[in-house]
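Read through the structure below, which is laid out as structure tokens, and then see the notes.
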Amino acid sequence: MKKFLLILVLIAVVLSLIVLITVLLTPWMDRWHTRPEERSMELPGDKYNSTPGRVANRAITINAPAERIYPWILQIGADKSGMYSYTWLERLVGCKMAKDETLHLEWQNLSAGDEMKMCAGDFAPPPYIVVEVLPNQAVIFGHKENEDWVDVWQFVLVPQTDGTTRLITRTSTNMVGGMWEVIRPISFTMERKMLLTIKKLAEQP
């Protein structure tokens with residue numbers, strides 16, 4: 001009995017630490033590498049979920065023009081280039097994923113209504129739906145419930161005066177609380193890696 005109680009206490013302590021770390025890190029995760037003006041500016045796709053329960057902004061500076069970055073965003077998807085993230089983490093959650101970091105002309109024709117798959121296998125969360133595509137400017141994905149967009153994931157390219165481009169992602173979602181808070185650090189870790197990989201691919205000669 002004492003051993004059982006000890007296990008319960010350890011589980012409770014671990015879960016409490018996870019929750020505490022998540023709460024403490026959330027502000028940092030939700031504004032990673034963004035500037036104050038980027039977090040407040042209106043971006044393409046904001047109109048699709050105008051009253052989200054949570055908004056996360058992340059960004060990276062890429063030493064390349066928007067037209068060299070945009071094709072890599074079009075190829076996001078488990079059955080295309082993959083999610084540009086950690087293969088080991090994708091496998092850990094049981095998600096099959098392609099990893100093709102080359103440009104394909106046949107994957108460049110993305111349009112509203114297309115699916116963006118999160119997993120390539122039979123086990124998979126609902127795919128994102130392409131909401132809007134603005135050539136060399138933005139690609140917007142989302143999830144719908146009862147015909148309303150409840151989760152919008154925006155990839156926006158903002159050219160800078162020095163020739164670089166800011167790639168800004170904004171997640172506007174109503175999926176908050178419960179398990180969504182638990183998976184938030186995992187989601188951040190994977191998206192951070194995605195941005196770094198897109199930067200590497202776009203900057204390559």
For residue 120, indicate whether it is open to solvent by 30 Å² or more (accessible area, probe 1.4 Å), within 18 Å of residue 74 (Cβ to Cβ), in a loop (DSSP other than H, G, I, E, B) and without any contact (Cβ under 8 Å) to a residue 40 or more places away in the chain. no
Residue 132 over 23 Å from residue 184 (Cα atoms), open to solvent by 20 Å² or more (accessible area, probe 1.4 Å), modelled with pLDDT of 95 or more and part of a strand (DSSP E or B): yes
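For every residue, the table says whether it meets (1) surrounded by 11 or more Cβ atoms within 10 Å (Cβ to Cβ); (2) at pLDDT 95 or above.
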residue: 15; (1), (2): yes, no
residue: 18; (1), (2): yes, no
residue: 29; (1), (2): yes, no
residue: 34; (1), (2): yes, yes
residue: 37; (1), (2): no, yes
residue: 94; (1), (2): no, no
residue: 97; (1), (2): yes, no
residue: 104; (1), (2): yes, yes
residue: 112; (1), (2): no, yes
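Please enumerate the residues belonging to the range 45-63 that are part of a loop (DSSP other than H, G, I, E, B) and buried (at least 20 other Cβ atoms within 10 Å of the Cβ).
45, 49, 52
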Have a look at 157, 196 and point out the one that is open to solvent by 20 Å² or more (accessible area, probe 1.4 Å), in contact (Cβ under 8 Å) with a residue 24 or more places away in the chain and touching a strand residue (DSSP E or B) at 6+ places or on another chain (Cβ under 9 Å). 196
Write out, first by first residue and then by second, each pair whose Cβ atoms fall under 6 Å of each other, whose residues are 6+ apart or on separate chains, and whose first residue, in the range 72-90, is under 16 Å from residue 139 (Cβ atoms) and of a type outside the set (Gly, Ala, Ser) while the second is in a helix (DSSP H, G or I) and open to solvent by 20 Å² or more (accessible area, probe 1.4 Å). 75/107; 80/107
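The values are calculated or read from the model by the stated rules, or taken from the named source; none is laboratory data. The shown structure was predicted, so the numbers you read here are calculated from the model rather than taken from an experiment. Neighbour counts run over all protein chains shown; Cβ positions are idealised from the backbone, glycine included. Just the protein is used for accessible areas: all its heavy atoms, side chains included, with ligands, DNA and RNA removed. Shrake-Rupley method; radii C 1.70, N 1.55, O 1.52, S 1.80 Å.
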